[in-house]
Amino acid sequence: MPNANPGRWLVLAIISSALLMIVIDMTVLYTALPSLTHDLQANASEKLWIVNSYALVVSGLLLGMGTLGDRLGHRRLFIAGLCVFGVASLAAAFSPSPGWLIAARALLGVGAAMMMPATLSIIRLTFEDERERSLAIGIWAAIASGGAAFGPVIGGALLEHFWWGSVFLINVPIVVLALVLALRLIPARPGNPERAWDLIGSIQAMVGLVALAYAIKASSTPEPTIGAVAAAAFVGVLALALFVRRQRRSPQPMVDFSIFRNRVVSAGVAAALVAAAALMGMELVLSQRLQLVLGLSPLEAGLAILPLPLAAFVSGPLTGFMLPRIGNARVLFGALAISGIGMAAYLLVRDGGLVSQIASLAILGAGLGATMTAASSSIMLGAPAEQAGMAASIEEVSYELGGALGVTLMGSLASVMYSRALAMTDPALPAKAYGSLDEAYLLAEGMSPAAAAALRGMAKGAFDAGFDGVIMVCAALLGLTAVIIWLRQRP
């Protein structure tokens, strides 16, 4: 059937450029963290919030922004989100302190949350032919997975010649170009004024996610404050419980929980959560290991990760093309299994030859790209057309929440294992050394050469213990999710 919109591929190019900018900002800081931490004197907790405030705000607001897009029109919300994202990028680029940068990253999350549901909803409404729509979603998913994996490469290339603020400043010309083209080329479709927008529910979701992330991070410090951890956990659980109750009682909920009774949709959500968590958690520790342990420059570290996003960029569209023939359940199982194999293989060859490292990262990237394409297709095509905004929000919350959980849980796991390994090696070090590898290096700058070399050596070994733990957990999660999805899809 011919498509009614002759400019549909140009529309896809516009929203893809915005999506690439959004997902790159999830991971572009990974290669900038060592220099940023040094320049702003950020501690381990501030470093994690600089990375995670963006994803947590996006996760909390996405559901509300999806329904707001249904109400106001997705083009209007997409354009407004571009403007917010551009302003926040400028604020982040010139941040004078860790607190300022955390706030700017949170504002970036607001702009991203406004745009992201609109990208998938515009695809759903623009591409009427099922095969073209599957291919378009495959391209979208390839950018979502490959772009996030490509972030460290972009960051490394920029840091080779500019200061860390350039990783944000590069967004501004992209925003301006996308804004001009969006105003000219994306068709304006009226929204549904009767579609309710639940601001209170959005705030409940965001408070719950932030509070739980704080509780997890606070509990992973060398000397956690039990009262603060318990209070944050209580607030997080309470806020999310109130959110669920509010949605169940609402005549027009942001999340219609009955949609998860569909096995295809629920499998897509689970796969997206786990794939994003594994990718973000792995890249967080890998980019730091390449620079702080192996001594690579930011650009060299980014290039070392490059096989992963390249493979994801290739596998995403190919998977979208093959999905109608193979079926979502089989693709999800196979893609997750391949991802787990690639993750485990990298752990085995992390200090081996270059060819084996490239091969394992390429296998991992191909599996993740295919997983995200199949997951996106499962969620979007399993929902009715009138709930396109809700389905897009659920799909994107799965990725963003998965990424936030990956950073929080895997970052905390790496931190705990690092602290314990270093304490077992030498329990008499200053307390600052047990916080993070960055803080240990800062401490070493004021020591004698011999003492500094000894501390750096012990800290590197402790970091590797945490790195190995994170990779093993990520590989196990991918493999276990593949098995569960396969068993649930069987008659």
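Being crowded, with 24+ Cβ neighbours inside 10 Å, of a type in the set (Asp, Glu) and under 19 Å from the mean Cα position of the chain (by Cα), is that true of even one residue in the range 54-75? No. The C-beta contact set for the range 425-450 (first residue under 22 Å from LEU294 (Cα atoms), second residue of a type in the set (D, E, K, R) and at pLDDT 80 or above, distance under 8 angstrom, 6+ apart or interchain) comprises LEU437/LYS460; ALA440/ARG456; TYR441/ARG456; ALA444/ARG456.
Within the range 352-383, take every residue that is among the hydroxyl-bearing types (Ser, Thr, Tyr) and over 20 Å from ARG261 (Cβ atoms) and give me the one that is most open to solvent (accessible area, probe 1.4 Å).
Taking the range 352-383 first, the residues among the hydroxyl-bearing types (Ser, Thr, Tyr) are 356, 360, 371, 373, 376-378.
Narrowing further to those that are over 20 Å from ARG261 (Cβ atoms): 356, 360, 371, 373.
Numbers: SER356: 44, SER360: 4, THR371: 0, THR373: 1 Å².
Taking the candidates together, the pick is SER356.
Scanning the range 402-449 for residues that are assigned to a helix (DSSP H, G or I), hydroxyl-bearing (Ser, Thr, Tyr) and under 17 Å from ILE216 (Cα atoms) gives THR408, SER412, SER415, TYR418, SER419.
Listed here are the residues, each with its yes/no results for (1) at pLDDT below 75; (2) within 19 Å of LEU409 (Cα to Cα).
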| position | (1), (2) |
| --- | --- |
| ASN5 | yes, no |
| LEU10 | no, no |
| MET26 | yes, yes |
| LEU40 | no, no |
| LEU48 | yes, yes |
| GLY66 | yes, no |
| LEU77 | no, no |
| GLY81 | no, no |
| PHE85 | no, no |
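Looking at GLY227, is it closer than 24 Å to SER45 by Cβ, at pLDDT 80 or above and touching a Phe, Trp or Tyr at 6+ places or on another chain (Cβ under 8 Å)?
On the way: closer than 24 Å to SER45 by Cβ: yes; at pLDDT 80 or above: yes; touching a Phe, Trp or Tyr at 6+ places or on another chain (Cβ under 8 Å): no.
No, not satisfied.
Pairing each residue of the range 14-26 that is in contact (Cβ under 8 Å) with a residue 24 or more places away in the chain with any residue that is surrounded by fewer than 24 Cβ atoms within 10 Å (Cβ to Cβ) and outside any helix (DSSP H, G or I), provided the two are 6+ apart or on different chains, yields C-beta distances under 7 Å for ILE14/ILE186. When ALA93 is tested against (1) over 28 Å from ALA215 (Cα atoms); (2) modelled with pLDDT under 75, exactly one condition is not met: (2). In the set (1) of a type in the set (Ser, Thr, Tyr); (2) open to solvent by 60 Å² or more (accessible area, probe 1.4 Å); (3) touching a residue at least 60 places away in the same chain (Cβ under 8 Å), the condition left unmet by TYR214 is number (3).
The values are calculated or read from the model by the stated rules, or taken from the named source; none is laboratory data. What you see is a predicted model; the values in this text were computed from it and never measured. Neighbour counts run over all protein chains shown; Cβ positions are idealised from the backbone, glycine included. Note: areas computed on protein heavy atoms with side chains; ligands, DNA, RNA excluded. Shrake-Rupley method; radii C 1.70, N 1.55, O 1.52, S 1.80 Å.
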